[in-house]
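For reference, the structure discussed in these notes is given below.
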Amino acid sequence: MNRFIEQEQHFCAHNYSPFHVVLTHGKGIYVWDNQGNRYLDMMSAYSAVSLGHAHPRLVKTLQDQAAQLGVVSRAFYTDQLGPFVAQTCQLTGMDMGLPMNTGAEAVETALKAARKWAYTVKGIPKNKAEIIVCEGNFHGRTIAIIGFSSEDQYRNGFGPFPKGFIRIPYGDTHALEQAINPNTAGFLVEPIQGEGGIIVPPKGYLARCAKICHDHNVLLLCDEVQTGLGRTGQILASQHDSVQPDGLMLGKALGGGLLPVSMFLARYDIMDVFQPGDHGSTFGGSPLAAAVGLEALNVLMDERLVQKAGDIGSYFLNRLVQIRSPLIKSIRGKGLLIGIELDTAQIPSKAFCEVLAQNGLLTKETHETVVRFAPPLIITKQQIDWSIEQIAETFRQFEHLSYKGAVGH
C-alpha cells in the first residue's frame, strides 16, 4: 500500500473513504498524483475550487496578506474586512454580512438569526420558533443540522437532536404553505440540492416559495454554499427565479479554494438582532480570509466566470445528453453543476468513478447513484470535449462488461 495512504488510514479518523490516489499539486483545472499522473478535476472540492487550483492572483494575495497580518480576531477592526463584506453585499444585493469559516457555520448563523428575529421582531413566543426544511437537504454536519436531515446515516448514533424543525418534500410549494403556522420563523432551502443528487426543482419553485414566505411573514433562507458565486450561471442560483432571499449563506468558492471562508448575509432588520456577544468566531472575518475572499470575488467578475459557467455549462449538458447508454437513467443540472444518475442495478456508481479516474477524470458519486460533474469555472470547450470523450469511453467499458456478463449467463 502507498505509504501516504497507509499513514492517513492509521492516524486519521475514518470519516471519509477516499479514492486510492495521492494528490500532490494542482494548477488550473488539473491535479497531479505522487506518481506523476494528471487528472482533470471534475469535483472542484465540492465547488470550493471554482476559480481553479493555485490561481496566481489568489496565491499572491494570500502570500502578501499573510506576510502583513493574518489573524487578530474580531476584537479589533482591520483594513480588510469592511471592503470584503461590502463587496459581497453589493454582488448579492444583501444589506449586511456576518463572516464565518465553513458553510455549516454560515447555516448555524442563519438558524440563530432566524430564531432571534422570530422572538424580537415577529413576536413568536419564547422557545416556540420553528424552521421548515426539505427532504434530501444537506446543510452541513453539526448536531442541529444533521438533526433535521432525512439521511439516516448522518443521524445514526448522534442524537438527541434539537427540536424546532419541520421537514417537507423538496420542490413542493403546497407542502410549504401547509406546513407554515404562527410559530414559523423561516424556510431553509437549497435552490438546487447538490449533495442530495443534483436535484433541480420545477421552474418557478423558488419564486413561489418566496411569495408564500412573504405573505406569511416567514424568512426565506437560501443555502447557496455550493450553488452560489457563479456555479449555476448566475451569481446566485436563486436569481434564475428572480428571487432575492431574506437570508443567504455563502461559502466554499468564497475562499477561492485556498481558505475556509463563509458568510451569512441578510436584511438589516434580521442582522440587527445580533448584539455584541451573541455570536462570533475567532477566525471568521480575519484579515487573511477577508483579503483572499475579496480577491476571489474580484477574479470571479474580472474573468467573467459567471457568464462563462452558464455558457460552458449549457454546452457541457448538451454534449452529455448526446451520450446514448442504457446505463444512464437521467442527466440534470444547471450551469457547471451537473449530475448523471446511473442505473445502479447495472453499474455501481463508485466503480464508475474509479474507472473515470483511470481515464483521467476525478470526481465522486453522491447518494451512491449520481455522478457529479462540477469542474472549475475556468474550464474551456476544448477541455469539455476531451472530458466527454473520457466519459463516453467509460460508459463503453461498462457496457462491454455488462454485455459479457449477460452472455456468460
Residue-by-residue Karplus 3J(HN,Hα) for segment 299-307, coefficients 6.51, -1.76, 1.60, Hz, glycine and proline x:
4, 4, 7, 4, 8, 6, 6, 5, 5
Cα-based helix-to-principal-axis angle, 349-358 vs the chain, degrees rounded to 10:
60
Label-to-label distance, nm, for residues given as A13 and I388 (7 Å Cα→Cβ offset):
4.3
What FRET efficiency would be calculated for the residue pair K126, R396, taking the C-beta separation as r and a Förster radius of 60 Å, to the nearest 0.05?
0.45
Charge context of S149, other residues only, Cβ under 15 angstrom, K/R +1, D/E -1
-3
Given [x] 69, 54, 44; [y] 67, 61, 41; [z] 73, 51, 43 as candidate values of Cα extents along the principal axes in Å, which corresponds to the one derived from the coordinates?
[x]
Please turn the phi angles of segment 214-227 into ³J(HN,Hα) values with the Karplus equation 6.51 cos²θ - 1.76 cosθ + 1.60 (θ = phi - 60°), one per residue in order, whole Hz, x for glycine and proline.
4, 5, 10, 6, 10, 6, 8, 10, 9, 7, 10, 4, 9, 8
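Classify segment 291-372 from the C-alpha gyration tensor, please: rounded if a/c falls under 1.5, else prolate or oblate depending on whether a/b exceeds b/c. Mind showing how you got there, number by number?
Values: a/c = 2.82, a/b = 1.90, b/c = 1.49.
Here segment 291-372 falls in the prolate category.
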For segment 39-187, what is the charge dipole size about the Cα centre, in debye to the nearest 20, if Lys and Arg each add +1 at the Cβ and Asp and Glu each add -1 at the Cβ?
520
What is the spin-label model distance, in nm, from S150 to Q63 if the labels are put 7 Å beyond Cα along the C-beta direction?
4.8
For segment 56-302, please report how many Lys pairs fall under 25 Å Cα to Cα, leaving out neighbours fewer than 8 apart on the same chain.
17
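Order by neighbour count: D95, D152, D278, fewest other Cβ atoms within 10 Å first, most last.
Details: D95 14, D152 7, D278 10.
Ascending number of Cβ neighbours within 10 Å: D152, D278, D95.
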Within the chain, what percent of beta bridges assigned by DSSP are antiparallel, to the nearest 5?
65
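Counting each DSSP H run of 4 or more residues in the chain as -39500 (n - 2.57), what helix-only mean residue ellipticity at 222 nm follows after dividing by all residues, to the nearest 500 deg cm²/dmol? Don't skip to the answer; put the middle values down first.
On the way: 14 runs with 155 residues, N = 409.
Rounded to the nearest 500, it is -11500 deg cm²/dmol.
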Roughly what angle does helix 56-68 make with the longest principal axis of the chain, taking Cα atoms, 0 to 90 degrees, to the nearest 10?
50
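In debye, nearest 20, what is the charge dipole magnitude of segment 56-302 about its Cα centre with +1 on Lys and Arg Cβ and -1 on Asp and Glu Cβ, if you could check? Could the numbers behind the result be given before it?
Working: 19 positive and 23 negative charges, 70 e Å.
Using only the charged Cβ atoms, the result is roughly 340 debye.
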A351 versus R267, label points 7 Å from Cα toward the beta carbon: distance in nm?
5.3
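Which length gain, in nm to one decimal place, applies between D215 and N2 when the Cα-Cα distance is subtracted from 0.36 nm times their residue separation?
Values: separation 213, 0.36 × 213 = 76.68 nm, distance 5.87 nm.
Extra length available between D215 and N2 comes to 70.8 nm.
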By how many degrees, 0 to 90 and rounded to 10, does the Cα axis of helix 381-408 deviate from the longest principal axis of the chain?
60
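Values in this text are rule-based calculations from the coordinates and carry no lab data. Since the structure is predicted, the reported quantities are computational estimates derived from the model, not experimental observations. All Cβ positions, glycine included, derive from the backbone under ideal geometry; neighbour counts span all protein chains shown.
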